[in-house]
Amino acid sequence: MLERKYDQMLKIRTRGLREWRDQSSQFNRYEATPYVALDKLFQAYKLKKDDEVVDFGCGRGRVPFYIHHHFQIPVTGIEVNDQTFEEALNNKATYRQQAQNIPAPIKLEYGFAEQYEVKETDNRFYFFNPFSVNIFKKVVGNIMGSLEEYDRSVDIILYYPLQEYKSFLKKNTPFYLMNKVRVPKATDKKEKFLIYRYKHKD
Ligand SMILES: C[S@@+](CC[C@H](N)C(=O)[O-])C[C@H]1O[C@@H](n2cnc3c(N)ncnc32)[C@H](O)[C@@H]1O
């Protein structure tokens, strides 16, 4: 119910699933983060007006539109499934009709997350289990590369975190677990957010 109502309020269509035709083991299917989970996350975790969020594997764009609506900050979504990307673009058009007064940009980019060039202003990175840990390692490597050039505070937010992602962040990166947000009434233990922070030097 909440799913349909929230989509209607934002003027977008993000419900449902999309499986890959050739069941790639590297790329996971489309499924949106539940709105109830996003509400819970952002009760506990706030974005600031100078934050800029990137959703790697944004699907139909639910997370970027939700954040743009609630926090009015720049958001970027990267998606590699062409049909899903088209749907995200359609959603942007309809969302924008009722969000003309929010000047912050919404950027949707078609392509591989691992090829996205991390901008010096990007500082909050969202992942809902989009791809294999090998691709995740490449994306985090790109974030680390950007941090070497432009030191800043950066958070990585994982929804439905997989053990491989967690182990990699813990053992191979300077990111530390800063917060954990559970989803109300969740039956699956993985239905939670883990927020990892990179503490910048000064
Ligand atoms: C589980 S969905 C998450 C959707 C969205 N982030 C959300 O939370 O509502 C994962 C998405 O990642 C996309 N994806 C998978 N591999 C990708 C890659 N290498 N680069 C970009 N997108 C990818 C899939 O097509 C799918 O739409």
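Rule-based calculations on the coordinates, nothing more; no lab input. All figures in this text were calculated on a predicted structure; none of them were measured in a lab. In this analysis, Cβ positions are derived from the backbone assuming ideal geometry, glycine residues included, and neighbour counts consider all displayed protein chains.
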Using the number of other C-beta atoms within 10 angstrom as an exposure proxy, rank 168, 175, 193 with the fewest first. 168, 175, 193
So how much slack lies between residue 89 and residue 26, counting 0.36 nm per residue of separation and subtracting their Cα-Cα distance, in nm? 20.3 nm
Only helical DSSP H runs with n ≥ 4 go in: add -39500 (n - 2.57) per run for the chain, normalise by residue count and round the 222 nm mean residue ellipticity to 500 deg cm²/dmol. -11000 deg cm²/dmol
Could you list 84, 121, 187, 76 in order of exposure, starting from the residue whose Cβ has the fewest other Cβ atoms within 10 Å? 187, 121, 84, 76
Over its alpha-carbon atoms, segment 51-157 yields an Rg and a Dmax in Å of 13.5, 40
Entries of 46/137; 107/189; 92/185; 40/199; 170/201 with Cα pairs more than 28 Å apart: 107/189; 92/185
Report the extension gain between residue 72 and residue 134 in nm, rounded to one decimal, defined as 0.36 nm multiplied by the number of residues separating them, less their alpha carbon distance. 19.1 nm
Expressed as a fraction of 2.2 N^0.38 Å, the rule-of-thumb size for a compact globular protein of N residues, what is the C-alpha radius of gyration of segment 25-81? 1.16
Taking Rh as the Kirkwood radius computed over C-alpha pairs, what is the Stokes-Einstein D of the chain at 37 °C in a medium of viscosity 0.692 mPa s, expressed in µm² per second? 192 µm²/s
Proxy exposure order for 158, 17, 108 (fewest C-beta within 10 Å first) is 17, 108, 158
Please list 3J(HN,Hα) in residue order for segment 104-113, calculated via the Karplus relation 6.51 cos²θ - 1.76 cosθ + 1.60 where θ = phi - 60°; whole Hz, with x for glycine and proline. 4, x, 10, 10, 10, 10, 8, x, 7, 4
Would you please name the GluC sites (Glu not before Pro) within segment 116-163 that are DSSP coil residues with at most 10 other C-beta atoms within 10 Å of their C-beta? 117
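Using 0.36 nm per residue, how much length does the chain from residue 199 to residue 104 gain when fully extended, once their Cα-Cα distance is taken away?
Result: 31.6 nm gained on full extension.
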Residue-ordered couplings for segment 92-98, obtained by feeding phi - 60° into the Karplus form 6.51 cos²θ - 1.76 cosθ + 1.60 and rounding to whole Hz (Gly and Pro as x), are 4, 4, 6, 4, 5, 4, 9
Which cross-chain or sequence-distant (5 or more) residues have an amide H under 5 Å from the amide H of residue 128, H modelled 1.01 Å from N in plane? 159
Return the long-range amide H neighbours of residue 154 (sequence gap of 5 or more, or a different chain), with a cut-off of under 5 Å between placed amide H atoms. 198, 200
By the scheme Lys and Arg +1, Asp and Glu -1, what is the net charge of all other residues having a beta-carbon under 10 Å from that of residue 113? -3
